[in-house]
1. Look at region B:4-31 and say how many of its residues are more than 17 Å from residue B:215 (Cα to Cα) and part of a strand (DSSP E or B).
2. Against the conditions (1) surrounded by fewer than 19 Cβ atoms within 10 Å (Cβ to Cβ); (2) at pLDDT below 95; (3) not charged (D, E, K, R), where does residue A:238 fall short? Just the number, please.
3. Identify the residue in region A:269-292 that is in a strand (DSSP E or B) and buried (at least 16 other Cβ atoms within 10 Å of the Cβ) and, among all such residues, is farthest from the other protein chains (Cβ to nearest Cβ).
4. Looking only at region B:169-182, count every residue that is surrounded by fewer than 16 Cβ atoms within 10 Å (Cβ to Cβ) and basic (Lys, Arg) and tell me the total.
5. Could you list, in sequence order, the residues of region B:327-357 that are among the hydrophobic types (A, V, I, L, M, F, W, C) and either at pLDDT below 90 or under 24 Å from residue B:300 (Cβ atoms) (or both)?
6. For region A:163-184, state whether one or more residues are away from chain B (no Cβ under 13 Å), closer than 23 Å to residue B:328 by Cβ and not in a helix (DSSP H, G or I).
7. Can you pull out every residue in region A:254-268 that is modelled with pLDDT under 85 and either buried (at least 20 other Cβ atoms within 10 Å of the Cβ) or in a loop (DSSP other than H, G, I, E, B) (or both)?
8. Counting only residues that are small (Gly, Ala, Ser) and surrounded by 16 or more Cβ atoms within 10 Å (Cβ to Cβ), give me the strands (runs of 3 or more DSSP E) lying completely in region B:56-168 with at least 1 of them.
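The values are calculated or read from the model by the stated rules, or taken from the named source; none is laboratory data. Only a predicted model underlies this, so the values are computations on that prediction, with no experimental measurement involved. Because the Cβ atoms are built from the backbone with ideal geometry, glycine has one as well, and the counts that use them run over all protein chains shown.
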Amino acid sequence: MSLVLSKLDKTYKRFGRPPVRAVCGLDLEVRQGEAVALLGSSGCGKTSTLRMIAGFESLSGGAITLAGRRIDPLPPARRGVAMAFEGYALYPPLTVAENIGFALHTTRAERRKASERVRAVAEMLDIGAILHRRPASLSGGQQQRASLARALVRDADLHLLDEPMSQLEPQLRAVLRGRVKAYLGERGFTTVFVTHDQTEAHALADRIAVMEAGVLEQFGSPDELRDRPKNLFVATFFGEPPMNALVGRVKEGAMEIEGGDGRRFSIALPAAATAPEGARLVLGVRPQRIRLGAGALSGTVLSNQWLGDQAHVALACGALRIVAVSLARVAAPSGTALPFAIAPEDMHLFDPESGTALSHRGSCP
Amino acid sequence: MSGLEISDIRARFGHAEVLRGIDCRVAAGETVVLFGPSGAGKTTLLRAIAGVEPAASGVVRIDGREVQDLEPEHRPLGMAFQNFSLYPHLSAYENIASPLRARRLRSQEIEVRVRRVAELLRIGHVLGHIPRELSNGQKQRTALARALVAEPPVLLLDDPLRNVDAKLRYEMRLELPPLLRKTGAAVIFVTQDFREAMALADRVVVLREGAVLQDAPAEEVYEAPASVPVAQLFGDPPMNLLSAHLVPEGNRVRAEAAGMAPSFADLDITHLERPFLGVRPEDVLLASRPAGGAHAEILAVTPLHDRCVLLLRAADGTELVASVTGAAPEPGTFVSIAGARHAVLFDPVNGHRLAISGARTEVAA
């Protein structure tokens, strides 16, 4: 293990008001050479966690170990960490090249090598042509890329990146994400970054830590989060559009879903799912897994939106709404009836009270 | 014509021309999405239509009547903004009622209309709360309700979904089109998100540097961008733009780049050198085995739900992005580029679209 967070706690005391627990007993182990995303909505504790690792924030409890040594009592500069933080400003009097190379303390002999590295990282991030300029003359996106370059040019035990691509020009994002991911892999960097953007987490991270209200909800690869979400929160938070969640009761090997207006419909459960007769459950199914065009179920098309490379179809089944995604266009205008099916191997079952996952595709979590 | 018609809208801040003569028509019941990067002039245009932009000039007609000389409060339109702009000291009810109070409606009539629009937007249960007590989603619905309540013939919605969480934004994307259609208003909806544009728009107007680059149905903007800047702005990941080599072939012309060679008809190439070949990532056709064809190295694999975005380096050194479904290939391996399903050719000098090749995806279901 490279970075180990154990029982990490952060409580903010507020004058005259109850304290806020931003991070609660967080345990996380990051492997050498791994890229990990801390993903969550604002206020989930992801940024507090990153700031504690960097040393910008004291710990209320717990410990942080990096490459075998305890770093949380050390000042930021002695932790062996390279970072790009939002608002961690570039030095205004220095050029972009000087900013990027600033932390590369080098002897005269190494100076040529250092400037080659600065150039290579700058070219990867498409700022090779503005190395001589000063920060004030750059756009927000260019400043963010310069700040990212300053972190990535360094060799360090750990790289910390705070929303590394949030300001980036949209037309550059896909290519730069690809290049940065390849670069992190080639250099074997251990990286922790914070983001609220699923696309960015997906693209850059080997594993994603989903946080909510200071608690780690799940830590796993993008595939694990998609196929084996630990609970209903992760299931409906991760994925776009969100997972369909239908409440029903187990009846004779099937889920009987209440359609809301007295209507009921029945969906066969996976044979291996051990759900007791009469149990109330939540059936989850990803929009990408709803099979449109044939099947025992039927809904009325509420909307059918073609988004360039995929169709999003919303169906009404009684008072329920089910969203399906198809990679091909769907020839079903609003108001028409469209048959669909949910296959047993695409079902996720959850406990309606605790939200805990009971089974995925017929097997236990 | 009923609806909104604007012509030759101009605005100048000092020496900067922020709107350079905008013409646009929005029919009653139609939703036009105003799409563009930040600084394009989108908000200034809405402000000009609303009459709150002193620097603007031009003609604004609502239902055939010229309103540009009317004070803002006398223009029959409703507005909602990304920062909600609710009165902080008034309840949600009073916020929504404010345009009706300004028109001195009887309080009985006001109550009926506020309740009706609140039901439609599912905020009936929080009407007594002040903005501070509302979630971001409820604030956004309150602002929307206030814009809708007076049933104005024109609605101006300035990126109203920007500050709400992903789940709600997604829900509103499904709910808004039928809701807006029901109001029968001419709607201008501002966004920087191309999927939101495709989901909501009857027509998309692409704005950049104060000028309209394209005004067409959303699918047309996606499949046949009018120019290189539109191709770069509309889509994520954006369209690949590759410098192509032209090869005449009977009365057609092949445009070769990165192993693709789509053919175009009716193209005068006498003065044309190295045009840009535009291919959407999902239209890059790959063959799994590098057999014949053009080899490309997979530099990085960035997964996204059921798709994978690949950063490729073609044999000629060009970088391009391909989006594929199914199992993720390994970075560092090779694929062959088999062709392009759909491609657009652009003039290298002025950036204008020259020709289109190929067909788009088939219709399923």
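1. 7
2. Tallying (1) surrounded by fewer than 19 Cβ atoms within 10 Å (Cβ to Cβ); (2) at pLDDT below 95; (3) not charged (D, E, K, R), residue A:238 fails exactly one: (1).
3. Restricting to residues being in a strand (DSSP E or B) and buried (at least 16 other Cβ atoms within 10 Å of the Cβ), the top hit is A:281.
4. 2
5. Matches in region B:327-357: B:327, B:328, B:334, B:335, B:337, B:338, B:340, B:343.
6. Taking every residue of region A:163-184 in turn, at least one turns out to be away from chain B (no Cβ under 13 Å), closer than 23 Å to residue B:328 by Cβ and not in a helix (DSSP H, G or I).
7. The answer is A:259, A:260, A:261, A:262, A:263.
8. Ranges flagged: B:56-62, B:77-81.
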